[in-house]
1. Give the residue, chosen from ASP63, ASP18, ASP73, that is at positive phi and either open to solvent by 100 Å² or more (accessible area, probe 1.4 Å) or without any contact (Cβ under 8 Å) to a residue 24 or more places away in the chain (or both).
2. Determine if the range 30-48 includes at least one residue that is over 18 Å from the mean Cα position of the chain (by Cα) and surrounded by 10 or more Cβ atoms within 10 Å (Cβ to Cβ).
Amino acid sequence: MNLDNIEQLEAKVNRLMDKHQRGKREKGAVEKKLQQKESEWHHLQGQIRRYERERVELREKLDKIIGQFANLDLPE
């Protein structure tokens, strides 16, 4: 192997190492973003559960109020 071939090999190895490092950084960034999105998803799921409970409570209260009107025996 002559010196030119070794230098070309070294350049290729350096490019490969650079690509590998970029890939690791990108993977870390994607993993961090995924964790953020999962956290956001869990938060939104909690909000949905809370809204569903509130909806059920409001419906029960409205049904109770409507029932009170129905018991008044008002003429039509």
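The values are calculated or read from the model by the stated rules, or taken from the named source; none is laboratory data. Here the structure is a predicted model, which is why all the values come from computation and not from measurement. With ideal geometry, Cβ positions are generated from the backbone for all residues, glycine too; neighbour counts draw on all protein chains shown. With ligands, DNA and RNA removed, areas are computed over all heavy atoms of the protein, side chains included. Shrake-Rupley method; radii C 1.70, N 1.55, O 1.52, S 1.80 Å.
1. ASP73
2. no
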